[in-house]
Amino acid sequence: MAQTAQDRSFFGHPRGLSTLFFTEMWERFSYYGMRALLLLYMVAPVSAGGLGFSDSDGGAIYGLYTSMVYLMTLPGGWLADRLIGPRRAVLYGGVFIAAGHFSMAAAVLPMFYLGLFLIVIGTGLLKGNVSVIVGKLYTAEDNRRDAGFSIFYMGINLGAFLAPIICGYLGQQINWHLGFAAAGVGMTLGLIQYVLGGSKLGDVGQHPAPATPDQRARWRRQAQIAGGVFFALALIIGVGAYTGTIPITARQIADAAGVLLLTVTVGFFGWLYSSSEWTAEERKRLYVIGVLFLAASLFWSVFEQAGSTLNLFAERNTATTLLGFDFPSSWFQSMNSFFLWIFAPVMAWVWVRMSAAGTEPSAPTKFGWGLVFAGLGFAILVIPASQGGQASPMWLTATYFLHTIGELVLSPVGLSAMTLLAPPRIGGLMMGIWFLATSIGNFVGGRVAGLYESFALPTLFGAVAGFSIALGIILLIAAPSIRKLMPAQVSKAA
């Protein structure tokens, strides 16, 4: 049950938002701290303490990892909805994440892969469900929803801002594995805060969706079977690949993951639209979710190249000296979060004012503009890429600024719209679908990074820019028709 509208203890919002704000802040600190180092560590020469992977293999593994992180929010949402509730899912996920980062602190290749595996499992449990709990703090009629998610987004980006500065410096300047360990410390602090601040949430998110004992027992059996098969396969593949008894490479696993992503996406939406359990109003909402899902997938395929293509551009083609001060290339990863921290409260204020005046754009319109700004961020990089040599840091700074504007008009609004449009009985599962879009985007972004040495940079950047801008314009044109599928109350709120 949502907390009452009278609860304005945290900057005009429910006090439980503070607990979730700091939980997600530390979780994102751990994730972005490790992400800032991941591809650079894999492609760094062995003599420099790295793994010595090629750009192609490193990009494939990076895309596999970052896509699986978000794909696992689907079973994570299912478990929360059916068996354990969002609150416990967040707690268990944080434990897995911390264990994964500390595993990567060991300078042993099997522990590196084990760490990635544990972080994937943990983030699948935590990431979608913490957003579900945020949504449960508000009623559908509460016009603070978008503003609340924007404030929540500030927590995400405070952690994401600090992470590359701390973990990036430790990893690039001292030791890669010390940077990974720092990410584990961050998640541990988040877990402590989450447990101590649990009382502020009351009973929000404590329990799974109502069900009969027979339903609960059936779901438990399904989870046990699926979990057993998943972990058995992971163990067999991992041990076989390490010992050489199974001739499979990380690149082949990444290719298989692409097929899995496509299969899961088609299968899920096939089930969603063929099911007879939805009312006429719910079915209209699900059609809108499908459009937003496609737009979000395309947006994240551009935006999430921050940790891959743009990370390589920062390391190899950008000057890392400013006013006589040398800094690690991973620090560019903080630019997006720096801009978000500044402009998120501005956007929160803008949405509230526009909502009160009845002029707030619909979610499809916001998504269209998000795609346009993401494309513009790559378009301006065509100029320094064409000139050759070391580009000024200002070019990447401008790119991250434009990407920030795009993210602010799409991502927090998308989180809010998904919690509002989804049928309540599958709220956690539908939040997993939102992160499936991020999964697809990360996978594509990682594979694009593998083309870094194969294509001329102006061509690569120009293709990404043109694709994103064109699709954004198409969505802007179609937005009025899409909004007609949204019931009046949801259309106004989303």
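The values are calculated or read from the model by the stated rules, or taken from the named source; none is laboratory data. Owing to the predicted nature of the structure, the values given are computational and were not obtained by experimental measurement. Here the Cβ is made from the backbone with ideal geometry for all residues, glycine too, and neighbour counts use every protein chain on show.
When the range 431-479 is examined, which residues are found to be of a type outside the set (D, E, K, R) and not in a helix (DSSP H, G or I)? Those that are of a type outside the set (D, E, K, R) and not in a helix (DSSP H, G or I): GLY450, LEU451, TYR452, SER454, PHE455, ALA456.
For ILE253, the criteria (1) under 30 Å from VAL134 (Cα atoms); (2) touching a residue at least 40 places away in the same chain (Cβ under 8 Å) hold in every case but one, which is (1). Pairs are defined by a Cβ separation below 6 Å, a sequence spacing of at least 6 or placement on different chains, a first member in the range 352-368 that is in contact (Cβ under 8 Å) with a residue 24 or more places away in the chain, and a second member that is of a type in the set (Lys, Arg) and surrounded by 17 or more Cβ atoms within 10 Å (Cβ to Cβ); the pairs so defined are SER362/ARG483.
On the basis of being within 24 Å of ASP55 (Cβ to Cβ), among the acidic types (Asp, Glu), surrounded by fewer than 23 Cβ atoms within 10 Å (Cβ to Cβ) and in contact with a helix residue (DSSP H, G or I) (Cβ under 7 Å, 6 or more places away or on another chain), does GLU304 make the cut? No, not satisfied. Checking each residue in the range 295-349 for being of a type in the set (Phe, Trp, Tyr) and either touching a Leu at 6+ places or on another chain (Cβ under 7 Å) or under 20 Å from ILE61 (Cα atoms) (or both) picks out PHE299, TRP300, PHE303, PHE313, PHE332, TRP341, PHE343.
Residues in the range 11-26 that are of a type in the set (Ser, Thr, Tyr) and within 20 Å of the chain's Cα centre (by Cα) were compared, and the one that is farthest from THR139 (Cα to Cα) is THR23. Consider ASN317 carefully, then state whether it is buried (at least 18 other Cβ atoms within 10 Å of the Cβ), in contact with a strand residue (DSSP E or B) (Cβ under 9 Å, 6 or more places away or on another chain) and under 30 Å from ILE174 (Cβ atoms). When the stated conditions are applied, ASN317 passes them.
For the range 119-126, the condition of being in contact with an Asp or Glu (Cβ under 7 Å, 6 or more places away or on another chain), in contact (Cβ under 8 Å) with a residue 60 or more places away in the chain, closer than 30 Å to GLU315 by Cα and assigned to a helix (DSSP H, G or I) holds for none of the residues.
Among the residues in the range 206-224, are any more than 24 Å from HIS403 (Cβ to Cβ), crowded, with 19+ Cβ neighbours inside 10 Å and at pLDDT below 90? Yes, the range 206-224 contains at least one residue that is more than 24 Å from HIS403 (Cβ to Cβ), crowded, with 19+ Cβ neighbours inside 10 Å and at pLDDT below 90.
In the range 315-367, which residues are of a type in the set (A, V, I, L, M) and within 19 Å of the chain's Cα centre (by Cα)? Passing the criteria: MET335, LEU340, ALA344, ALA363. Pick from the range 40-98 the residues that are touching a helix residue (DSSP H, G or I) at 6+ places or on another chain (Cβ under 8 Å) and among the polar types (S, T, N, Q): which of them is nearest to ILE174 (Cα to Cα)? Among those residues, the one meeting the criterion is SER54.
Scanning the range 74-104 for residues that are under 15 Å from the mean Cα position of the chain (by Cα) and farther than 15 Å from SER30 by Cα yields a count of 3.
Restricting the range 337-351 to residues that are of a type in the set (A, V, I, L, M) and in contact (Cβ under 8 Å) with a residue 60 or more places away in the chain leaves a set whose member that is nearest to ASP142 (Cα to Cα) is ALA348.
The lone criterion from (1) within 30 Å of ASP55 (Cβ to Cβ); (2) under 15 Å from the mean Cα position of the chain (by Cα) left unmet by TYR400 is number (2). For ARG82, the requirement of being modelled with pLDDT of 85 or more, charged (D, E, K, R), under 28 Å from THR265 (Cβ atoms) and part of a helix (DSSP H, G or I) is met. The single condition among (1) in contact with a Gly (Cβ under 9 Å, 6 or more places away or on another chain); (2) in contact (Cβ under 8 Å) with a residue 24 or more places away in the chain that ILE248 does not satisfy is (2).
What are the pairs, 6+ residues apart or on separate chains, where a residue within the range 16-34 that is part of a helix (DSSP H, G or I) has its Cβ under 7 Å from a residue that is basic (Lys, Arg)? Pairs that qualify, where the first residue is part of a helix (DSSP H, G or I) and the partner is basic (Lys, Arg), are GLY16/LYS200; SER18/LYS200; THR19/LYS200.
From the list VAL239, VAL259, the one residue that fits, being out of contact with any Phe, Trp or Tyr (no Cβ under 8 Å at 6 or more places or on another chain), among the aliphatic types (A, V, I, L, M) and closer than 21 Å to SER67 by Cβ, is VAL259.
Does GLU407 meet the test of being touching a residue at least 40 places away in the same chain (Cβ under 8 Å), charged (D, E, K, R), buried (at least 18 other Cβ atoms within 10 Å of the Cβ) and more than 30 Å from PRO208 (Cβ to Cβ)? Answer is yes for this residue.
Whether any residue in the range 52-73 is outside any helix (DSSP H, G or I), over 17 Å from the mean Cα position of the chain (by Cα), touching a residue at least 40 places away in the same chain (Cβ under 8 Å) and surrounded by fewer than 24 Cβ atoms within 10 Å (Cβ to Cβ) is what I want to check. No, the conditions are met nowhere in the range 52-73. Consider TRP271 carefully, then state whether it is in contact (Cβ under 8 Å) with a residue 60 or more places away in the chain and of a type in the set (Phe, Trp, Tyr). No. Cβ-Cβ contacts under 7 Å between residues 6 or more apart (or on different chains), taken from a first residue in the range 276-300 that is farther than 14 Å from LEU410 by Cβ to a second residue that is of a type in the set (Val, Ile, Thr), are listed as ARG285/VAL490; VAL288/ILE482.
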